[in-house]
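> Below you will find the structure I want to go over with you.
The values are calculated or read from the model by the stated rules, or taken from the named source; none is laboratory data. The structure presented is a predicted model; accordingly, all values stated were derived computationally and were not measured. Cβ placement follows ideal geometry from the backbone for every residue including glycine, while neighbour counts extend to all protein chains displayed. Just so you know, the surface numbers come from the protein's heavy atoms only, side chains and all, with ligands and any DNA or RNA stripped out. Shrake-Rupley method; radii C 1.70, N 1.55, O 1.52, S 1.80 Å.
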Amino acid sequence: MASKFVLDFPLTFLNPEEAAVIDALAAHIIPSEPGSPGAREAGVTEYIDKALGGFLRELQPVYRSGLIALADFTAGITEGRFHELSDGQQEEVVRQLAELSERDPSDFAGQFFRIVREHTVQGFFGDPAYGGNRGLVGWELVGFPGAQWGYTAEQMAPDFNTRTIPMLTIKDLYSRIGGAQ
Amino acid sequence: MSENFDAIIVGMGSTGGILAEQLTKAGLKVLGLDKGQDYTEEDFAIKQDEIRYYQRGAIVAGVNVDPVTWRGSEGETARILPWSAGALGNDEPLYGLPSIGTGGGTLHWGAAAYRFREADFRMKSAIAERFGTQALPEGSTLEDWPISYADLEPYYDRVEYEQGISGLGNTGGVIPPGGNPFEPPRSRDYPMPPVTQGPGDVPFVAATKRLGLHPFRQPLAINSQEYKGRPACVNCGFCHGYPCHVKAKSTTQVTSVPAAKATGNLDLRPLSRVLRINRTADGKRATGVSYLDSTGTYREATADKVILTAYSLENVRLLLLSDINSNGQVGQHFMTHNFGWFTSILPEPTNPFLGTFNASSAVDDFTSELVPDNDLGVLWGSPIISVVGDLQPIEAYHNMDPRTRKWGLDLKHWLRDNYTHMHRMYSQTTNFPYARHYADLDPTVKDRWGQPALRITHDWDDHDANSVILMGRYKEKIAREMGAKDYWMDSPRPPYHLSTHDVGVHRMGEDPATSVTDIYGEVHECEGLYAIGGGGFVSYGGYNPNQTIQALAYFSAEHMLKKMGVNGADMGLVRAS
């Protein structure tokens, strides 16, 4: 993937370098392709940072230790810091990390990979209210219309093209009931 | 100083809401205590949020607040639910304790509203008649129920009409199109037809028919049309695991609790945590409860009746914390459901975000006593249920093909290409009770108030795994008949041991030596103390528990009122609304 991480949101927990590392990892979990945005474009790192500064604050030490474990794991494979490696080198690190995670569920670096993966999926497919899924790229990818008030019987018929239903967010629904315009 | 009431109800959920309505309408002054909040319409105005409800379990207490521990067998050290308390930061609402607050478990539920079958109440005898008295697995503590289907039928009917159930019933021997030929006898049809069918159910129905099976639309506690002032379902697709934003899903939060409040006789105190049940000095009579109110202040209340409706497991915890277990039966006979999840990728779009989880059909051809003769030793069958709605993308990721690499373009493309073609089936297999499966107090883990956590000792037995495998064979046939491109099945011994369908732990019975309560839920050893809910179940087949739980609630309420000589105990006065 040719894109680069741009820190275009204020951080609430991570430092800028940590954010770059998390973003590089997330970008390999859900990669970008030409014409098809991935975790980076969806703002997954903003989602993760906001979550760690709030609801997931108990995981703050897990992330800090996890970033160290990732650095150590990377050092065992190649020189350089994870987020500064080439795309191919990063992918090789992730491949080995994912394999380790499958092979030895108790390994902490592998656990950290699974945690970041879970949060990457959350940030990619969750409502943009949480800071990710920018431009609704996650929902667009899979064909999920988002936060709908409801669906009609016609829309539920087997031959209905649900791609024609405009995607809505929680914010859109609040504006419908008179708030969050 | 303590306040006095006619009755104290602990837990304003599925059972407690009904008890509250019945007792307050009869004129009793009731104190309702719930550790969750008293939800209003405003709380659920917008709830189409997978992060908040599915990922972060917003309406459950969570194991951080209400720890439960589990171990597979005695000798192991129990840990806080390892399948849900991991560092992933998930507190999925489906494999822990159910939602709390007004409505309780009926806030999050999928609203499957099955009656048990006639044979389910005499499972032990029926198995002995067919397979012999030695057929049950070693150590089973299975018994027949002390009540029959016929005893409960009028109360099932009341649940259907008072709480609002949609479905297609067979009445007078007539099976309507889409009805269930194996349904137990009923006195009248459901009050509403089924909700709008999801598109993913169409191939399931066609395939099961071609296989000679008998698909029927599931009975659901969801309005298909306006009913008792509540509107029809709008098919939002955020239902199972979520509260309802239009009050179309039947939860006691919108049915019985408001009715109880309207009498002026319910003093409902949310965010109040009961610590113990108080009794007379000889222990033979309940006198009230001690609890912490919403400010954390210690309080006591007295009443002639103390009614535990705090979920089977929390009922047990309260009994044990109060040293009420003289016969050693409290917490025994733990039973839960193994879902046997089976996912298929169908050629046609299923659009699994449309409508509710159970906007679909099931087959009862293999349920309970209808289980075919088989080489796996499975003695009791279960329905196979088609699941078509409520599947948002994060949950879809959790359900994805385990053979797919879960990172990179493999992950991304799998979800891109398959999400809108996913179809799921499940069966809830029979879990026999054993002496080795029980709930007790954890010797070391405590909650933040210093009270011991509940500990579950349970593992999947061969019969459980074989049941999942047997039902999996039928699911596989159905998947192939649907033309599934791919399909896969959950482990027959899944990691979870709580299902929000946990029952049996305060068994009802006529013999005070071998059961905890009588058939009405009154605790044998303590007059005036009731434990009502799924904890009273004696056996557990493949249907969802809530319909029977609510039928038992009406059954108990009627008995209490009759016993008190309250006029209108035939419920004529409460039937109208």
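> Using only alpha carbon positions, build the gyration tensor of the protein assembly as shown, then give the equivalent ellipsoid semi-axes as the square roots of 5 times its eigenvalues, largest first, whole angstrom.
Square roots of five times the eigenvalues give 42, 30, 26 Å.
> How much accessible area does B:H214 have with a 1.4 Å probe, in Å² rounded to the nearest 10?
80 Å²
> Next question. Test of the criteria: in the stretch B:127-193, which GluC sites (Glu not before Pro) are in a DSSP loop and have at most 15 other Cβ atoms within 10 angstrom of their Cβ?
In loop regions of the stretch B:127-193 (DSSP not H, G, I, E or B), the sparsely surrounded GluC sites (Glu not before Pro) are B:E138.
> Let's test this: bin the Cα-Cα distances of the stretch B:1-146 at 10 Å from zero up to the farthest pair and state each bin's percent.
For the stretch B:1-146, the pair-distance distribution reads 9, 24, 26, 27, 12, 1.
> What is the distance, in nm, between label points placed 7 Å from the Cα along the Cα-to-Cβ direction at A:S175 and at B:E348?
3.6 nm
> Could you compute how much accessible surface A:W139 exposes when probed at 1.4 Å, giving the result in Å² to the nearest 10?
10 Å²
> Still on this model: Roughly how far apart, in whole Å, are the Cα centres of the stretch B:205-259 and the stretch B:491-569?
25 Å
> Report the Cα centroid-to-centroid distance between the stretch A:1-72 and the stretch B:433-457 in angstrom, as an integer.
39 Å
> Then there is this: Answer with one residue from B:T548, A:L141, A:I115: the one whose Cα lies farthest towards the positive end of the charge dipole of the protein assembly as shown, charges on Cβ with Lys, Arg +1 and Asp, Glu -1.
Sorting the options by dipole projection puts first B:T548.
> Using helices alone, what [θ] at 222 nm do you get for chain B, with -39,500 (n - 2.57) per DSSP H run of 4 or more residues, divided over all residues and rounded to the nearest 500?
The helix contribution divided over chain B gives -6000 deg cm²/dmol.
> Let me ask something else. Keeping every protein chain in place, order B:Y298, B:Y242, A:Y130 by accessible area at 1.4 Å, biggest value first, i.e. largest first.
In descending accessible area the options line up as B:Y298, A:Y130, B:Y242.
> Considering the options B:F366, B:I394, B:G179, tell which one lies farthest towards the positive end of the dipole of chain B, charges being +1 on Lys and Arg and -1 on Asp and Glu at the Cβ, about the Cα centre.
Going by the charge dipole, the pick is B:I394.
> Amide H neighbours of B:C244 under 5 Å, counting only residues 5+ apart in sequence or on other chains, H built in-plane at 1.01 Å?
Counting only residues 5 or more places away or on other chains, the set is empty.
> Further question on the same structure: Report the accessible area of B:D38, computed with a 1.4 Å probe over the heavy atoms of all protein chains in place, in Å² rounded to the nearest 10.
40 Å²
> Find the Rg to Rh ratio for the stretch A:16-142, where Rh is the Kirkwood radius over alpha-carbon pairs and Rg uses the same atoms.
0.96
> Here's something else I'd like to know. Dipole size in debye (nearest 20) for chain B around its Cα centre, Lys and Arg Cβ +1, Asp and Glu Cβ -1?
With only Lys, Arg, Asp and Glu charged at Cβ, the dipole is about 980 debye.
> In the stretch A:54-163, what GluC sites (Glu not before Pro) fall in a loop by DSSP, with at most 12 other Cβ atoms inside 10 Å?
Within the stretch A:54-163, the qualifying GluC sites (Glu not before Pro) (loop, at most 12 other Cβ atoms within 10 Å) are A:E79, A:E154.
> Give me the tail of P(r) for the stretch B:109-174 as a percent: Cα-Cα pairs with distance above 19 Å.
Considering the stretch B:109-174, 49 percent of its Cα-Cα pairs are separated by more than 19 Å.
> I'd like the Karplus ³J(HN,Hα) series for the stretch B:261-273: coefficients 6.51, -1.76, 1.60, θ = phi - 60°, whole numbers in Hz, and an x wherever there's a Gly or Pro.
Values, residue by residue: 4, 5, 6, x, 9, 9, 9, 9, 10, x, 6, 10, 10 Hz.
> Could you pull out every residue, at least 5 positions away or on a different chain, whose amide H is within less than 5 Å of the one on B:V445? Hs are placed 1.01 Å off N in the peptide plane, and Pro or chain starts have none.
Those qualifying (amide H under 5 Å, at least 5 residues apart or on another chain) are B:A453.
> Of the beta bridges DSSP finds with both residues in the protein assembly as shown, what % are antiparallel, to the nearest 5?
Of all bridge pairs located within the protein assembly as shown, approximately 65 percent are antiparallel.
> Calculate the dipole size of the stretch A:16-142 relative to its Cα centre from +1 charges on Lys and Arg beta carbons and -1 charges on Asp and Glu beta carbons; express the result in debye to the nearest 20.
Rounded to the nearest 20 debye, it is 320 debye.
> So, one more: Need one word for the stretch B:449-532: rounded, prolate or oblate. Basis is the Cα gyration tensor (sqrt eigenvalues a ≥ b ≥ c); a/c below 1.5 gives rounded, then a/b vs b/c decides.
It comes out prolate by the Cα gyration axes.
> Take A:T164 and B:F131, extend 7 Å from each Cα along the Cα→Cβ direction, and tell me the distance between the two endpoints in nm.
Output for this residue pair reads 5.2 nm.
> Hey, another quick one. Once you keep just the Cα pairs under 8 angstrom separated by 6 or more residues, what percentage relative contact order results for the stretch B:2-575?
Taking the mean separation of contacting Cα pairs over the length of the stretch B:2-575, I get 23 percent.
> I've got another one for you. In whole Hz, what ³J(HN,Hα) sequence does the stretch B:118-129 give by Karplus (6.51, -1.76, 1.60; θ = phi - 60°), x for Gly and Pro?
Per residue, the Karplus-derived 3J(HN,Hα) values read 4, 5, 4, 7, 10, 4, 4, 5, 5, 5, 5, 5 Hz.
> Going through the cross-link list B:K209/B:K406; B:K25/B:K249; A:K171/B:K475; B:K25/B:K124; B:K247/B:K446; B:K35/B:K305, which pairs have a Cα-Cα distance over 30 Å in this structure?
B:K209/B:K406; A:K171/B:K475; B:K25/B:K124; B:K247/B:K446
> I would also like to ask the following. Could you give the semi-axes, largest first, of the ellipsoid that matches the stretch A:1-55, computed as the square roots of 5 times the alpha carbon gyration tensor eigenvalues and rounded to whole Å?
They are 20, 11, 9 Å, listed largest first.
> What nm distance separates the two modelled labels at A:D107 and A:K4, each placed 7 Å from Cα along Cα→Cβ?
Computed distance between label sites A:D107 and A:K4 equals 3.2 nm.
> Which of the trypsin sites (Lys or Arg not before Pro) found in the stretch B:243-291 are in a DSSP loop and have at most 12 neighbouring Cβ atoms, other than their own, within 10 Å?
Answer in residue order: B:K284.
> Could you give me D for chain B, from Stokes-Einstein at 4 °C and 1.567 mPa s, where the hydrodynamic radius is the Kirkwood radius over C-alpha pairs? Units µm² s⁻¹, please.
Estimated via Stokes-Einstein, D reaches 54 µm²/s.
> Give, rounded to the nearest 20 debye, the magnitude of the charge dipole that the stretch B:176-330 has about its Cα centre when Lys and Arg contribute +1 at Cβ and Asp and Glu contribute -1 at Cβ.
The dipole magnitude comes to about 140 debye.
> Considering only B:I147, B:A128, B:G27, whose Cα is most displaced toward the positive end of the charge dipole of the stretch B:1-158, charges sitting on Cβ of Lys, Arg (+1) and Asp, Glu (-1)?
Farthest towards the positive end: B:A128.
> Further, regarding this structure: Once R0 is set to 41 Å, what does the formula 1/(1 + (r/R0)^6) return for the Cβ-Cβ distance between B:Y161 and A:A153, expressed as a FRET efficiency to the nearest 0.05?
0.95
> Within the accessible area of chain B, what % is carbon and sulfur when the probe is 1.4 Å and the other protein chains stay in place?
C and S fraction of accessible area: 49 percent.
> Among DSSP bridges having both ends in chain B, what percentage is antiparallel? Round to the nearest 5.
65 percent
> How large is ³J(HN,Hα), in whole Hz, for each residue of the stretch B:224-232 in order, when computed from phi with the Karplus curve 6.51 cos²θ - 1.76 cosθ + 1.60 and θ = phi - 60°, using x for Gly and Pro?
3J(HN,Hα) across the stretch B:224-232, in whole Hz: 9, 8, 4, 9, 6, x, 9, x, 6.
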